[in-house]
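Worksheet for the structure shown next.
The values are calculated or read from the model by the stated rules, or taken from the named source; none is laboratory data. Since the model is a prediction, treat every value here as computed from it, not as a measurement. Positions of Cβ are generated from backbone atoms using ideal geometry, with glycine treated the same way; all protein chains shown enter the neighbour counts. Only protein heavy atoms, including side chains, enter the accessible area calculation; ligands, DNA and RNA are left aside. Shrake-Rupley method; radii C 1.70, N 1.55, O 1.52, S 1.80 Å.
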Amino acid sequence: MNTIRNYEWKLFLFLLVPFGLVAENRPNILFLFSDDHAIRTIGAYPGSINQTPNLDRIAREGALFTHSFNVNSICCPSRAAILTGKHSTTNGVIGNSSPWNGKQWVYPRELAKAGYQTGLIGKWHLKGNPTNEFQSWEILSGKGGQGSYFNPTFLSPEGDKRVVGHSTKIITDKALKWLINRKKEKPFLLCAQFKVPHIHRLPPTNQMSKYEDYEFPVPDTFFDDFSTRSSFVSETWMALKGMKGHVLNIAPTREEIEKNPGIRPPFLQEMNPSQRSAWHRAYDPRNLKFRKLKKLGKLEGQAGVLYTYQRFIKDYVRCIDGLDEQVGRILRFLDQEKLSENTLVIYSSDQGFFTGEHGWAEKRWMYEESFKSPLLMRWNGVIKPGTKINKLVQNIDLAPTFLKAAGVDIPEAVHGLPMQAILSGNTGDHWRKEILYQYFDGGTLEKRGPYNMPRHEGVRDTRYKLISFYEHGKWEFYDLKNDPQELNNLISNPSMKKEINQLKKKLIKLKTKFSPPDGE
């Protein structure tokens, strides 16, 4: 009889879920998301080069994931993997030009069915609007889904609207407004997705003058000669030494533009007079100095590349500083509204980024700096403050984690794993031991694709990494314990034959496991 009554009570609670009447037992979910954020520019991570007190707060009051990876290090595929919990070959978004099927299974729709109020604000960057995925949405519009840093246009079901300000603050303003106006009887899922620090990196006006006399440390691998790798690795179009002026915010001065308005760059055209004045105050002296140094021949060879690095990394960190400032506003709001206790807060990025490592400023590769994504998570009562999680997790794990937190069943078709098994202090003995990576946006053997780099795939376990450049018949193998910077390709080392063969078998096994079923 007691068993029957318990069953009836659980059924009663389940029927109430869609009406939000048991919201207090399920956490709100706040997903803060950025674009191209390197982990070495988050203060909480070892070896960081800057301070991010608000992002660090999430890690300090929750968990820092040291081995969080993406399945495909490029914007659209990464976002699709998060929404579906599946690898690119199954969700259909294998590259930035791939169409998005919004009718396929996605976790936000399942949370809405379970009574959550769901919203998306910021950078969407998938082909098609999120009409089937979220109940409410406002996304950056224009420039192929990238939107503008200053005075961006937002698209919503009500149409387009241009908003004055910097996109990082505007997205935060809109997120806070959404939280204030939400249906308070329901738990919520809010995804606040920022543009920073994606190129073209334009920091907010209050950050433009920072680091003027500061020199950021140069990565140890900055002058990597790629001596143990295939030739196409060094020939990739992502070297800082080849960066053009607009990438480094080198532009005409105010005086020059006043004499000839036609030379004003597009990004300055988007700014209003006040924003342009702030820009010229900060950047005109730098650009005049750049011209002087170049004229004197002081930007040749290594000196020029090091100068380029400092221009690049300073704007990158200025953008991060602006983001951290806005994350602080959101965290304080949660405190003020007494939402911190029952809100799962996550910070992550679609992928990592090379911030000078190997001389690069890009992503896409399976090398650690690009393959790794930052992941910080705070969940009161579940995650012990100051936790460090070293297990191999991927962005496909977010969807099942959110579902399990909400008490929603996880479909067998989802590739990711709910991270609850490793959040609460469990050892995670049955957690995965290896992960799969696949990058499809490269070109063919005869004609390489974007950034002059090849398609590749690989497998990583807790110590070793195997990469296959399959169209070229080339392999790379790294011992990450003894060579964490991936400088010594051991694919031809006889002593590694056993480990290499084991990872080749695991690569085949994982590809088979995560391939779409026949007919799909």
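What FRET efficiency do you get for Lys241 and Lys183 if R0 is 45 Å and r is their Cβ-Cβ distance, rounded to the nearest 0.05? The partial results should precede the final answer.
Details: r = 53 Å, r/R0 = 1.18.
The computed FRET efficiency comes out at 0.25.
Just for the Cα atoms in region 19-131, what are the lengths along the principal axes, largest first, rounded to whole Å?
For region 19-131, the Cα spread along each principal axis is 42, 42, 23 Å.
State the extension gain, in nm to one decimal, for the chain segment bounded by Glu412 and Lys504, taking 0.36 nm per residue of separation less the distance between their alpha-carbons.
Values: separation 92, 0.36 × 92 = 33.12 nm, distance 2.59 nm.
Result: 30.5 nm gained on full extension.
What number do you get for the chain when its Cα radius of gyration is normalised by 2.2 N^0.38 Å, N = residues? Walk me through the numbers before you get to the answer.
On the way: Rg = 23.6 Å, N = 520, 2.2 N^0.38 = 23.7 Å.
Normalised Cα radius of gyration, the chain: 1.00.
Could you calculate the FRET efficiency of Asn482 with Glu215 from 1/(1 + (r/R0)^6), where r is the beta carbon distance between them and R0 is 41 Å, rounded to 0.05?
Details: r = 30 Å, r/R0 = 0.74.
It comes out at approximately 0.85.
With the other protein chains left in place, how much accessible area per residue, in square angstrom, belongs to the chain at a 1.4 angstrom probe?
Working: 22550 Å² over 520 residues.
So the chain comes to 43 Å² accessible per residue, rounded to a whole number.
Lys113 versus Val163, label points 7 Å from Cα toward the beta carbon: distance in nm?
3.1
What order do you get for 124-134, 285-295, 165-175 when each peptide is scored by the mean count of other beta carbon atoms within 10 Å, highest first?
Details: 124-134: 19.1, 285-295: 13.5, 165-175: 22.5.
So the order, starting with the most tightly packed, is 165-175, 124-134, 285-295.
Expressed as a whole percentage, what fraction of the accessible surface of the chain belongs to carbon and sulfur atoms when a 1.4 Å probe is rolled over the protein heavy atoms? Each step should come with its number before you reach the end.
Values: 11860 of 22550 Å².
So the carbon and sulfur contribution to the accessible surface is 53 percent.
Restricting the count to DSSP beta bridges whose residues both fall in the chain, what percent are antiparallel, rounded to a multiple of 5?
Details: 32 of 60 bridges.
The answer is about 55 percent antiparallel.
Could you sort 30-36, 486-492, 455-461 so that the peptide with the highest average Cβ count within 10 Å comes first and the rest follow in order? The partial results should precede the final answer.
On the way: 30-36: 23.6, 486-492: 17.3, 455-461: 21.7.
Going from most to least packed, we get 30-36, 455-461, 486-492.
Sort the following peptides by mean Cβ neighbour count (other Cβ atoms within 10 Å, averaged over residues), highest first: 252-262, 58-68. Write down the numbers at each step before the final one.
Numbers: 252-262: 12.1, 58-68: 21.5.
Descending mean neighbour count gives 58-68, 252-262.
Calculated from DSSP H runs of 4 or more alone, at -39500 (n - 2.57) each and per residue, what is the 222 nm mean residue ellipticity of the chain, nearest 500? Don't skip to the answer; put the middle values down first.
Numbers: 15 runs with 165 residues, N = 520.
After summing the helix terms and dividing by residue count, I get -9500 deg cm²/dmol.
Work out how far the C-alpha atoms of region 68-163 reach from end to end along every principal axis, then list the three figures in whole Å, largest first.
Dimensions of region 68-163 along the principal axes of its Cα atoms: 36, 32, 25 Å.
Is the C-alpha gyration tensor of region 134-250 telling us rounded, prolate or oblate? Criteria: a/c under 1.5 is rounded; beyond that, a/b larger than b/c is prolate, otherwise oblate. Walk me through the numbers on the way to the answer.
Working: a/c = 2.34, a/b = 2.02, b/c = 1.16.
It is prolate, given that a/c is not under 1.5 and a/b is the larger ratio.
Could I have the simple spin-label model distance between Lys103 and Leu339, label points 7 Å from Cα toward Cβ, reported in nm to one decimal?
3.4
Taking R0 as 56 Å, what's the FRET efficiency between Ser495 and Ser424 from their Cβ-Cβ distance, rounded to 0.05?
Numbers: r = 40 Å, r/R0 = 0.71.
The calculated FRET efficiency here is 0.90.
In the structure shown, do any of Lys465/Lys511; Lys363/Lys498; Lys481/Lys511; Lys86/Lys513 have a Cα-Cα gap over 21 Å, and if so which? Before the final figure, lay out the partial values.
Details: Lys465/Lys511 15 Å; Lys363/Lys498 30 Å; Lys481/Lys511 25 Å; Lys86/Lys513 11 Å.
Check vs 21 Å cut-off fails for Lys363/Lys498; Lys481/Lys511.
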